[in-house]
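What follows is a set of notes on a single structure, which appears directly below.
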């Protein structure tokens, strides 16, 4: 088992390229370094500086390295390619220029992250599903051919790839040489999945994992009251790593069992968050992972 531990802007409550309720990017980078992390993800394109020399200087001055960029878009929208391409080209150039390995792809949600209102159907018909698959593969080809990046698809709560049957279908219908899996353990548990079993089943296609956990009591309320994931995140439905439903010693054991080699990125969805909240949580997460022998 060989795991590189990193962290994402999400762990500082960063969901959007530009939002006054999110900490300034330079504070985020300072605190990532202070919390003891070496690796990070780019987060939403436009949050961190988009000029390659500037971002390189800012990372190097703090001893930080980039492992992945992120693209989030409506993958089934037939008119959406120009926006997707813009993100892929911008984020991909930064990731490749900074030695990153992955492009993490996420489908846009069917609920509004702020209001919780429905923005589309909860499931796709066959034509829309086919477009999602085709767009995923198109992005994967561009990421590989233009930037040498490996696409890892990120299933996410309240998107069209969130449940285990949808994940299995996506993996079955995409080229394994093009499309890998970025399993977010917290979102998988949130949606009723067995994260440990999924790692065991798909580890060979899973070079990149997101570490996250879920508060059982809050999740029970969220399900009972039909609260959207965006609003639930503000209620701290996603707990600290050591305190949720998922037993990370079991995660450690299965990663050891399968001989996992790859990245594990710490996250904690909590938008919006007080600016002083993330750093202590990030420090505790890093200490906890060291304590149980991960990374």
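In the chain, Cα pairs under 8 Å separated by at least six residues give a relative contact order of 23 percent. Pick from 57, 252, 130 the residue whose mean-square fluctuation is largest in a GNM of the chain, springs joining Cα atoms under 10 Å. Sorting by GNM fluctuation, first place goes to 57. Principal axis extents of the Cα atoms in segment 122-181, from largest to smallest and rounded to whole angstrom, are 33, 20, 18.
Can you sort 157, 152, 249 so the residue with the fewest Cβ neighbours within 10 Å comes first? Could the numbers behind the result be given before it?
Values: 157 23, 152 27, 249 10.
By the 10 Å Cβ count, ascending, the order reads 249, 157, 152.
Normalised Debye scattering of the chain at q = 0.09, 0.11 Å⁻¹ gives log10 I(q)/I(0) of -0.39, -0.60, counting only Cα atoms as equal scatterers and leaving out solvent. Mean-square fluctuations from a GNM of the chain, with a 10 angstrom spring cutoff on Cα atoms, peak among 95, 11, 33 at 33. Of 256, 203, 160, which is the most mobile in a GNM of the chain whose springs link Cα atoms less than 10 angstrom apart? The residue with the greatest mean-square fluctuation here is 256.
Rank the residues 4, 188 as a footprinting-exposure proxy: fewest other Cβ atoms within 10 Å of their Cβ go first. Display every interim value, and only then the final one.
On the way: 4 16, 188 27.
So the residues, fewest neighbours to most, are 4, 188.
Here the ratio of the Cα radius of gyration of segment 184-295 to 2.2 N^0.38 Å is 1.07.
Computed from the coordinates by the stated procedures, all read-outs in this text should not be read as laboratory data. A quick note: this is a predicted structure, and the numbers were derived from the prediction, not measured. Positions of Cβ are generated from backbone atoms using ideal geometry, with glycine treated the same way; all protein chains shown enter the neighbour counts.
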